[in-house]
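Shown next, in structure tokens, is the structure this report addresses.
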Amino acid sequence: MGLSEIKAKVAKAEKEHGRAAGSVTLIAVSKVQPNEKVEAVLDQGHRVFGENKVQEAQGKWPMFREKYDGIDLHLIGPLQSNKTRAAMELADSIHTLDRSKLAHAMARIAQEIGKCPDLFIQVNTGEEDQKAGVLPRDVDSFVAECRALDLPVKGLMCIPPVDEEASMHFALLRKFAERNGLDGLSMGMSADFEKAIAFGATHVRVGSAIFGERDYG
Ligand SMILES: *Cc1c(COP(=O)(O)O)cnc(C)c1O
């Protein structure tokens, strides 16, 4: 596939599911991809990208920012506490706010550096041990805690379990967002972004369908 096919599919899904045109932000997940492939997508005019690791993102995005205007960088991977400041200095959005300690660190650093990226709270909708995210029963209190810290929480994010139907997780995340008055829903990847759009996704995170399979070799 490639960028233009995926953009067309996003637009089609918006239309089919009664979503406003342009209401879904396509995040091109460039983690692990070679710089030439990322530049090819930049050269097609796309500006919204996602990275998993702070260090990897630091290694390429300051350079791309010098060359291309209007880059909108989203960090979508688990965030270690000792990388919080670097992440906040680099990213426009962070999708993986998942614990109280991190929320407090972000609030303090935001004061110090005078800015804070848009934040999404990651929810572990499948209650998987190996996965990050706040548990469903803790979502409401954690949203309240982040708001009390004046953090700019824009929405919720989830990664459904690989072996389960994604729809119920998308529906659950939407319910949590509505209940908390949050507009943003970061959900859907290469395999299921159209389904996520049907369930109200505002941000889909698509990597391999745009860039090809990642080569971890
Ligand atoms: C890698 C990654 C994606 C993109 O996955 P694809 O299946 O390549 O589209 C989306 N979200 C998160 C959190 C990821 O780590």
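Some notes on this structure:
- Residues considered: K115, K83. Of these, the only one that is away from the ligand (no atom under 16 Å from the Cβ), open to solvent by 30 Å² or more (accessible area, probe 1.4 Å) and in contact (Cβ under 8 Å) with a residue 24 or more places away in the chain is K115.
- Condition check for G77 on (1) in contact with a Lys or Arg (Cβ under 7 Å, 6 or more places away or on another chain); (2) surrounded by fewer than 19 Cβ atoms within 10 Å (Cβ to Cβ): one failure, at (2).
- Check on G212, open to solvent by 10 Å² or more (accessible area, probe 1.4 Å) and away from the ligand (no atom under 16 Å from the Cβ): no
- In segment 141-176, the residues that are in contact with a helix residue (DSSP H, G or I) (Cβ under 7 Å, 6 or more places away or on another chain), over 16 Å from S186 (Cα atoms) and open to solvent by 20 Å² or more (accessible area, probe 1.4 Å): E145, L149, D150
The values are calculated or read from the model by the stated rules, or taken from the named source; none is laboratory data. Every value quoted in this text rests on a predicted model; they were computed, and no experiment measured them. Reconstructed Cβ throughout: ideal geometry from the backbone, glycine too, with neighbour counts over all protein chains shown. We work out accessible area using only protein heavy atoms, side chains counted, and drop any ligands, DNA or RNA first. Shrake-Rupley method; radii C 1.70, N 1.55, O 1.52, S 1.80 Å.
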